[in-house]
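Chemist: I am attaching a structure below and will ask some questions about it afterwards.
The values are calculated or read from the model by the stated rules, or taken from the named source; none is laboratory data. Being a predicted model, the structure only gives us computed values, none of them experimental. Reconstructed Cβ throughout: ideal geometry from the backbone, glycine too, with neighbour counts over all protein chains shown. Accessible surface is based on the protein model in full, side chains and every heavy atom, while ligands, DNA and RNA are left aside. Shrake-Rupley method; radii C 1.70, N 1.55, O 1.52, S 1.80 Å.
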Amino acid sequence: MKVKIAPSVLSADFGKLNEEIASVAKHVDMIHIDVMDGHFVPNITIGPVVVKSIKTRLPLDTHLMIEHPQKYIKNFAAYSKIITIHYETCRRDLKKVVRYIKKQGCKAGVSINPATPLSKIYSVLRDVDMVLLMTVNPGFASQAFIKSVLPKIKYLRHIAPKLDIEVDGGVNQKTAKMCREAGANIFVAGSYIFGSNKRLSAIKSLRRAVS
Ligand code: DX5
Ligand code: ZN
């Protein structure tokens, strides 16, 4: 199972987004894009017009923290390799929304907040390409890692040995190691990478911790 590192641009300087991405691109596997609507989460970030302006060869891993994601998926799909939606925003329509993402030619991911039980997404585990387990409550960068998610990672790895499991929130050298040991293989890091004045060393230390 391939281990991947995906810096979150939420902690980058949006005024020079392409330069910021270029500063890490050679050393990472994907670029994580946090889309927030001020409804599902108490923060607003970017929409498809900004994602469209991103110039990189790396796959874009688009994390939709928005209500009614189905309304906007098409707009993000053209620029994304994978689109992840939150169970909490779809609930009964989850399977339908996952299918819709795939119909747009993207890989599909499903995410749950730290307090949401894993059982809520059992019905789509065979349909999704990735599960994103939030290790903070979504909305902001630089929050503290919630350790109680670790058993959830471990159990998910147990029931889905080949599934990509991504973790997002409070990921640093120490917490990434714990997540790796629990079974995660994709690591999103925002402030740990873009907040560092030694970005390449930060990435290297993450790689070391998870390999
Ligand atoms: C949180 C976002 C994360 C965030 C992570 O709602 O989904 O991707 O950018 O930031 P750090 O790594 O600083 O916790
Ligand atoms: Zn994210």
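Chemist: For region 115-137: of the residues being in a loop (DSSP other than H, G, I, E, B) and within 13 Å of ligand 2 (Cβ to nearest atom), which is most open to solvent (accessible area, probe 1.4 Å)?
Modeler: Checking each candidate, the answer is Asn137.
Chemist: Does region 24-46 include one or more residues that are within 12 Å of ligand 2 (Cβ to nearest atom), part of a loop (DSSP other than H, G, I, E, B) and in contact with a Lys or Arg (Cβ under 7 Å, 6 or more places away or on another chain)?
Modeler: yes
Chemist: Looking only at region 98-109, count how many residues are surrounded by 18 or more Cβ atoms within 10 Å (Cβ to Cβ) and either outside any strand (DSSP E or B) or out of contact with any Lys or Arg (no Cβ under 9 Å at 6 or more places or on another chain) (or both).
Modeler: Going through region 98-109 one residue at a time, the tally reaches 5.
Chemist: Quick one: Glu166 ticks every box in (1) buried (at least 18 other Cβ atoms within 10 Å of the Cβ); (2) in contact with a helix residue (DSSP H, G or I) (Cβ under 9 Å, 6 or more places away or on another chain); (3) not in a helix (DSSP H, G or I) bar one, so which box is it?
Modeler: It is condition (2) that Glu166 fails.
Chemist: Of the conditions (1) in contact with a Leu (Cβ under 6 Å, 6 or more places away or on another chain); (2) assigned to a strand (DSSP E or B), Ala176 clears all except one; give me its number.
Modeler: Only one criterion in (1) in contact with a Leu (Cβ under 6 Å, 6 or more places away or on another chain); (2) assigned to a strand (DSSP E or B) is unmet by Ala176, namely (2).
Here's the yes/no breakdown for (1) without any contact (Cβ under 8 Å) to a residue 24 or more places away in the chain; (2) touching a helix residue (DSSP H, G or I) at 6+ places or on another chain (Cβ under 7 Å); (3) part of a loop (DSSP other than H, G, I, E, B):
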| residue | (1), (2), (3) |
| --- | --- |
| Pro151 | no, no, no |
| His158 | no, no, no |
| Tyr192 | yes, yes, no |
| Asn197 | yes, no, yes |
| Leu200 | no, yes, no |
| Ile203 | no, yes, no |
| Arg208 | no, no, no |
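Chemist: When you scan region 186-205, do you find a residue that is small (Gly, Ala, Ser), open to solvent by 50 Å² or more (accessible area, probe 1.4 Å) and farther than 27 Å from Ile73 by Cβ, even just one?
Modeler: yes
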